[in-house]
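Have a look at the structure below, then the notes.
The values are calculated or read from the model by the stated rules, or taken from the named source; none is laboratory data. Just so we're clear, the structure is a prediction, and the values are computed from it rather than from any experiment. Glycine also receives a Cβ, built like all others from the backbone with ideal geometry; neighbour counts cover every protein chain displayed. Quick note on the areas: whole protein, heavy atoms, side chains included, nothing else; ligands and nucleic acids left out. Shrake-Rupley method; radii C 1.70, N 1.55, O 1.52, S 1.80 Å.
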Amino acid sequence: MGDCAFHLISEKVDILSILNDHPEDGIYQRKIRDLSHRYKFVRRTRGDGNCFYRALAFSYLESILGNHREINRFKDIVLQSKHELTLAGFEDHEFRNVFNHFFSVIELVETDGSISDLLKAFNDESCSDGIVQYLRLLTAAVLKNHAEFFQQFMEDGFDIKDFCAQEVQPMAMECDHPQIVALTQALCIPLQVEYVDDTNTTVNHHRFPEEANPQVFMLFRRQHYNILYYAS
């Protein structure tokens, strides 16, 4: 997978370069070529089970670089998000350090505004994993606080509290639909995911929320998320 093995998040590469990942897979080849008419670049993320959380945070912060109004709005959202955790029963000491990792990178975006420093922060494993851990706790808090709504996504007999303990809060656990809905809702990040599956159909996409004007774009294939960039 090229330089992906040495990064948590890679530099941008041409989307057609990822055709080399699965040269034997005709459906994959066709779907990536179809996507290349709309998307020019991709950033790879390490396939460590944390890719969705890491990709969402990086891509959104990248999208607001230099936009001080949006940065301030997002800072307020993230500061308010601590109340969601408190409401769900998390103690301050359980999330204080990982919250500070996340907020310090937002402040870096505010004061510095360079993609290179943002990428450096997200490729620092301690900092980057701290961000992921906070986002996991926030996701769990939203799921718990709105359990009546999210129960519809659970398999029969699977309790929200158990789901969070087993599937959301631990590092390296992959992200599914309920987590995406909860986190994009909590952070007000409009997202579009392009699903490249093994069916002989056109590429399907989904927006979170459905009526969103997406600001972040991702490619999903076999439980893995990479970041996409529209052709300008």
Self-check item: Checking N67 against (1) open to solvent by less than 10 Å² (accessible area, probe 1.4 Å); (2) without any contact (Cβ under 8 Å) to a residue 60 or more places away in the chain; (3) of a type in the set (S, T, N, Q), the condition it does not meet
Solution: (1)
Quiz item: Is there any pair with a first residue in region 94-113 that is within 17 Å of R73 (Cα to Cα) and open to solvent by 10 Å² or more (accessible area, probe 1.4 Å) and a second that is in a helix (DSSP H, G or I) and small (G, A, S) whose Cβ atoms are under 8 Å apart and which are 6 or more apart or on different chains, and what are they?
Solution: L108/A121
Quiz prompt | Residues satisfying the stated conditions in region 182-205, i.e. touching a Leu at 6+ places or on another chain (Cβ under 9 Å) and not in a loop (DSSP other than H, G, I, E, B) | solution = A182, L183, T184, A186, L187, L191, Q192, V193, E194, Y195
Quiz item: What about A212, is it hydrophobic (A, V, I, L, M, F, W, C), more than 12 Å from the chain's Cα centre (by Cα) and on the phi > 0 side of the Ramachandran plot?
Solution: no
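Conditions tested, residue by residue: (1) over 20 Å from D48 (Cβ atoms); (2) open to solvent by less than 10 Å² (accessible area, probe 1.4 Å); (3) touching a strand residue (DSSP E or B) at 6+ places or on another chain (Cβ under 8 Å).
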position	(1), (2), (3)
T139	no, yes, no
D176	no, no, no
L183	no, yes, no
L187	yes, yes, no
Quiz item: open to solvent by 40 Å² or more (accessible area, probe 1.4 Å) and either over 24 Å from T139 (Cα atoms) or in contact with a Ser or Thr (Cβ under 7 Å, 6 or more places away or on another chain) (or both), is that true of K40?
Solution: yes
Exercise. Please find, within region 70-83, the residue that is least open to solvent (accessible area, probe 1.4 Å) out of those that are of a type in the set (A, V, I, L, M, F, W, C) and free of Cβ contacts under 8 Å to residues at least 40 places away in the same chain.
Key: I71
Self-check item: Failed item in (1) more than 19 Å from A231 (Cβ to Cβ); (2) in contact with a Leu (Cβ under 9 Å, 6 or more places away or on another chain); (3) not polar (S, T, N, Q), with H93 passing the rest
Solution: (2)
Exercise. With respect to A172, determine if the residue is open to solvent by 30 Å² or more (accessible area, probe 1.4 Å) and aliphatic (A, V, I, L, M).
Key: yes
